[in-house]
Amino acid sequence: MSVFIYAINIGTITLEQLKSLEPIISKDRQERAYKYKFDTDKIRCIIGECIVRYALLKRYDLDNDKIIFRYSAYGKPYLPYASGIYFNISHAGKWVVCAVSNRLVGIDIEQIKCDHLEIAKSFFTTYEYGRICSIRTEFEKYCEFYKLWTLKESYIKAIGVGLSKALNTFEFHEEHGVEYLYIEQQRVEQYKFQSIRLSPDYQLSLCTEEIDTNNIEIVSLDELILFHMN
């Protein structure tokens with residue numbers, strides 16, 4: 001099993017540049033995009049579906065017209081007519097990322113900001129909060145917080161339960177440089193995790209059933225447009 005990760009930096013992209021991509025995305029996505037007030041949110045919405053389609057078309061024998069998205073009761077998108085193909089998407093700040101695989105997959109990216117540590121005390125387990133507090137420098141405390149946050153989100157997104165699962169009902173232990181999921185003090189072997197610092201201030205985590213991850217492919221807007229126009 002392979003997991004393929006794609007990322008695009010939307011920091012300098014404008015809505016006008018995306019006009020040529022609008023015909024390849026679903027009508028639902030187009031309508032949803034233009035309900036947002038801010039251009040940045042519209043851009044994330046459009047790019048989000050475009051990069052998923054790019055990944056699916058590049059890695060699997062699918063036609064763009066046949067890619068139809070449906071949503072679970074918890075809002076997780078899936079492909080009803082392509083069994084055995086899974087994908088997940090996340091965005092934060094200037095990055096939009098997605099992962100595709102033939103097994104369950106969840107991905108989360110967050111921008112590292114110097115705030116929110118009080119969330120860890122309230123919503124993480126005592127053990128995880130202790131992990132954060134044991135770190136000496138203030139910035140590295142925040143880095144550890146976002147590492148744990150993205151690990152938790154990647155797991156929740158992989159299993160498709162949304163916010164129905166409390167963040168303090170499971171925890172992560174780092175053992176010999178590897179992150180392991182623990183539920184009720186028992187290590188869960190089914191899921192494997194990988195954390196990546198995409199850039200100095202962005203943390204990304206991946207949850208899969210087997211780790212065989214290729215390097216992240218950074219995709220430019222020109223590549224995306226050229227690929228979809230061919």
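The values are calculated or read from the model by the stated rules, or taken from the named source; none is laboratory data. Everything numeric in this text was worked out from a predicted model, so none of it was measured. Glycine gets a Cβ as well: all are built from the backbone with ideal geometry, and neighbour counts include every protein chain shown. We work out accessible area using only protein heavy atoms, side chains counted, and drop any ligands, DNA or RNA first. Shrake-Rupley method; radii C 1.70, N 1.55, O 1.52, S 1.80 Å.
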Based on C-alpha coordinates, I'd like the Rg and Dmax of region 169-217, in Å.
12.0, 36
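Using helices alone, what [θ] at 222 nm do you get for the chain, with -39,500 (n - 2.57) per DSSP H run of 4 or more residues, divided over all residues and rounded to the nearest 500?
Calculated mean residue ellipticity at 222 nm is -10000 deg cm²/dmol.
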Region 100-222 - Debye-derived log10 I(q)/I(0), Cα point model, q = 0.17, 0.20, 0.22 Å⁻¹:
-0.88, -1.21, -1.44
How about region 136-230: which trypsin sites (Lys or Arg not before Pro) there lie in a loop by DSSP and see at most 16 other Cβ atoms within 10 Å?
136, 165
Pairs to check: 113/152; 121/152; 19/94; 35/165; 76/147. Give those whose C-alpha atoms are more than 24 Å from each other in this structure.
35/165
Distance histogram in 5 Å bins (all Cα pairs of region 4-106, percent per bin):
2, 12, 24, 26, 20, 11, 4, 0
Total formal charge among the other residues, if their Cβ is under 11 angstrom from that of residue 208, Lys/Arg +1 and Asp/Glu -1
-1
How many angstrom lie between the C-alpha centres of region 102-159 and region 1-37?
27
Can you tell which of 142, 156, 126 lies farthest toward the positive end of the dipole of region 111-163, using +1 and -1 charges on the Cβ of basic and acidic side chains (Lys, Arg; Asp, Glu)?
156
Pairs of Cα atoms farther than 27 Å apart, the chain, %:
35
Quick check for you: with a 1.4 Å probe and neighbouring chains kept, what is the accessible area per residue of region 131-223, in Å²?
51
List the aspartates and glutamates whose Cα sits under 18 Å from the Cα of residue 157, skipping any in the same chain fewer than 8 residues away.
49, 108, 110, 171, 179, 189, 209, 210
Per DSSP, loop chymotrypsin sites (Phe, Trp or Tyr not before Pro) in region 9-97 with at most 16 further Cβ within 10 Å
34, 36, 38, 60, 69, 74, 81
Considering all alpha-carbon pairs of region 59-100, what whole percent are spaced by more than 13 angstrom?
61
Based on Cβ point charges of +1 for Lys and Arg and -1 for Asp and Glu, what charge dipole magnitude is obtained for the chain about its Cα centre, in debye rounded to the nearest 20?
520
